[in-house]
Structures are given as C-alpha cells and as structure tokens.
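**Student:** There's a structure below that I have some questions on.
Just so you know, all these numbers are worked out from the coordinates, no wet-lab data involved. Here the structure is a predicted model, which means the values were calculated and not measured. Glycine also receives a Cβ, built like all others from the backbone with ideal geometry; neighbour counts cover every protein chain displayed.
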Amino acid sequence: MNAPVNLPGRFDSLPRFASALKAIESLKPSEPLYLVHPEKFAAAAKQFLDGFPGDVLYAVKANPHPVALTHLWNAGIRHFDTASLGEIEAVKSLFPDAVCHFMAPVRLPGQGKAAFEKHDVTDFVVDSDAELDKLLAETGNPKKLRIFVRLVAQLGGAGVELGDLEERELVGGVGLQRLSCFDIRGISGGTSTGRCTSC
C-alpha cells in the first residue's frame, strides 16, 4: 500500500526542464503549460502529515490530474476529499487502497449508493434532512457510515456559539438525532468550534 506508484507513459515521457523559463524557451507554447514540481508536492504533503495528528485529506477538485494525485500518493497522502462519483472513480482507479470521503452535501440520486457499495466510501457530508434521508435510504446501513454535518454561520454573525449547545439541539435541525453516531464540527471566524461526538 505504501509503495510509490508510477504511471507508465506519463511520468517517464514528461519532458524535464531546469526552470519554467527554460520550458517556455524550449517549447515556445501557444497554450498554457502544466508544470509539475515533484519536490513541492512532497514538501507540502510532509508538512501536513507531520503537523496534523488526524487524517490528512487532499481535495481532489484542487487539482485532479493523475500526475498531481500520484505525487501526493507517493508523498504519503492516503485520504482524499472527493466531491463527485467521478472523482472517487479517478482516485480509486489509480490507488485502490485510497480512502475517499464523499464531501459534497448534495449528490445525484444513486451516487451515495455507488460510492458506498462499489468503492467502500463510508464518510459523507450532509446539510439537510432530505440529503440525510436519501443517503440512509441508498446505503441501507447507517451504522457503517460517518456522517459530517455542514453548518454555516456568517463570519461575526453567528447567533449561537456552537460550544454552548447541547448535541441534540445542534443536530435537531438536520435530523441527526436519528443516528447513533454523528460528528459535529463547525467553523466560525476561521476557527474550528463545536465538538466531535465519536461512535
């Protein structure tokens, strides 16, 4: 699982240049160039992995190119924040052992089921009763799921401090009191607030 991945025909065939300027001088491109700096991928991954005690997730939407994903995998990233079934399939096609987290609060019908059954995705985000109901109906097994609730508060305009609420009050708005396990997280003014309730 931890062995570096090589993409035959992709990495080996990429031209290499000493600098961006050298690439431009040599290629004289008429369209934008995609430049890859492997050492920067490795340094960024190391900084997060060394500095954060939990699971470090890479948001695939930031750069879904297989070369970028492979550099991150080779640097030790094993968890991926995915926003669509297509992103999950792209990650799993490269790294079958990767852990994908389906972090789009609104999914097309059937996508939660496919992610859960075909790709072993168990982490999902919701922000409404309708999406929670759809997810539970599609998966049929909420005890295996970790469901993250997206709560939104305007910066400086939060009417209620998350830390002051009882869990039942906080999750009542999206019906999570029906679940035996839930995770409560909120962001207020750039600072994580609230608390985690583990299973």
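**Student:** Which length gain, in nm to one decimal place, applies between ASP97 and ASP127 when the Cα-Cα distance is subtracted from 0.36 nm times their residue separation? Write out the running numbers ahead of the final one.
**Tutor:** Values: separation 30, 0.36 × 30 = 10.80 nm, distance 2.81 nm.
The ASP97-ASP127 span can extend by a further 8.0 nm.
**Student:** If you don't mind, another one. Could you tell me which of rounded, prolate or oblate describes region 8-133, using a ≥ b ≥ c as the square roots of the eigenvalues of the alpha-carbon gyration tensor, with rounded for a/c under 1.5 and, failing that, prolate when a/b is larger than b/c and oblate otherwise?
**Tutor:** Details: a/c = 2.46, a/b = 1.91, b/c = 1.29.
Prolate.
**Student:** Now for a different question. According to a simple spin-label model (label point 7 Å from Cα along Cα-to-Cβ), what is the distance in nm between LYS28 and PHE48?
**Tutor:** Once both label points are built, they end up 4.0 nm from each other.
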